[in-house]
Structure formats: structure tokens, C-alpha cells
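Each remark here refers to the structure printed beneath this line.
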Amino acid sequence: MLQRYTFDSYITDTPLRKKIKDIAKKFVENDKGWMIVSGRSGSGKSHICVAVCGKLIEKGEEMRYLSWRDDSVHLKSILNTPEYKEEVDKLIKVPILYIDDFFKGTVSDADINLAFQILNGRYNDSKKRTIISTELSMEQIFLRDEAVGGRIFERSRGFIVSAPDENFRMRAYE
């Protein structure tokens, strides 16, 4: 993905897509804060987030990737084990964390508790950077949990992006 999803391959054929790319590049240049990219499936969220991650890796930054749908299921399944604390601590302590497809699908109380634990741990250390892609708007995240939404909103100021309301993958069929 790092080779395919770059700033160069991100198509900026509309003013909104150009603005998204500009905000993402500004995030890379900044040395703190969070970024959240929301929008429908196929709108380019993961593409721009992976492009950001690629540039940060080129700068020598250490990061982890968290696929919310897959990794949250695993973490919830080991909740009452010593492994759980180890795995969650890795996500909290890494300098940069990319959470892909945050809150995708049904969101349970266990999902909210896990999200709060990870994001609050990162929120409490202003040097930790977090990148989030999600199909949910900030308003929808707030409706699921105000504490989670508030932390994301506060840390992401200036880097809250709503992707185009278009499934870019479908362009091949036009």
C-alpha cells in the first residue's frame, strides 16, 4: 500500500481533493497533533492516510497500523489476559498510530471502551500523533461517545477532513 498510495498518485481533480492533499501535506510537516479523514467507502480516505504514513516513515518516524475491524475483534477477545495490556500499551506508546476504518460496522460498548482506552492514553501525551480514517462524521462519532469524539476533535483541530461524497473506485465503470 505504501508504494501504491502516495501523494503523487492521489488525484486532485476537484478543489476538495486538492484541499485534502494540502491538509495532509501540512500534517506531515507539523510535528504534533492528530488527523481524521472521514467519508464514504472508496472516497480516498485510506489513500491519503497511507500517503501521510509513507512520508512520516520516510522521515524516520516509528508507527503502527491498526485495522479497527480486525484488530479490535482480536483485542476484545483477549481482554482478560496479560497479553491484552501488552498489546494495548504498544498502541498507546508508539509515536504515531494509524487507525484505519475506525468504528466500522456495529459499535458495541466494548468497542467504545477499547477506543477510549487507546485514544485517551494517546491524548494524555501531546507528543503522540494519531491518524484516523472512518466512514463516520465527527458528529456521528460524538453521538456514539462524547468522550472519544471530544478527544479526537480537540487533538485534530486543523486536520479534520471530510472526503468527497463519491466512491472513487466506481470511476472505472463510468
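Taken together, the values in this text are just the output of simple stated rules run on the coordinates, not laboratory data. Not measured: the values here are computed from a predicted model. Please note: Cβ atoms are built from the backbone with ideal geometry, for glycine as well, and neighbour counts cover all protein chains shown.
Specify whether the C-alpha gyration tensor of the stretch 111-164 places it in the rounded, prolate or oblate class, a ≥ b ≥ c being the square roots of the eigenvalues: rounded for a/c under 1.5, otherwise prolate if a/b is larger than b/c and oblate if not. Oblate.
Take every Cα pair under 8 Å in the stretch 50-161 that's 6+ residues apart, average their separations, divide by the length, and report that relative contact order as a whole percent.
On the way: 117 pairs, mean separation 29.0, N = 112.
Normalised by residue count, the contact order of the stretch 50-161 is 26 percent.
For a test of the definition: using alpha carbon positions, the gyration tensor, and the 1.5 limit on a/c, classify the stretch 82-151 as rounded, prolate or oblate.
Values: a/c = 1.73, a/b = 1.37, b/c = 1.26.
In terms of gyration-tensor shape, prolate.
Given contacts defined as C-alpha pairs under 8 Å and at least six residues apart, what's the relative contact order of the stretch 1-72, whole-number percent?
Numbers: 42 pairs, mean separation 30.0, N = 72.
Normalised by residue count, the contact order of the stretch 1-72 is 42 percent.
Which of rounded, prolate or oblate describes the stretch 17-103 when judged by the alpha-carbon gyration tensor and an a/c cut-off of 1.5? Oblate is the answer for the stretch 17-103, as a/c is 1.5 or above yet b/c matches or exceeds a/b. Helix-only arithmetic for the chain: the sum of -39500 (n - 2.57) across DSSP H runs with n ≥ 4, divided by the residue total, places the mean residue ellipticity at 222 nm at -15000 deg cm²/dmol.
Suppose every K and R has +1 on its Cβ and every D and E has -1 on its Cβ; what is the size of the dipole of the chain about the Cα centre, in Debye to the nearest 20?
500 debye
Ranked by the mean number of other Cβ atoms within 10 Å of their residues, highest first, the peptides 58-67, 23-32 fall in the order 23-32, 58-67. For the peptides 76-84, 42-50, the ranking by packing is 42-50, 76-84, with the highest mean count of neighbouring Cβ atoms within 10 Å listed first.
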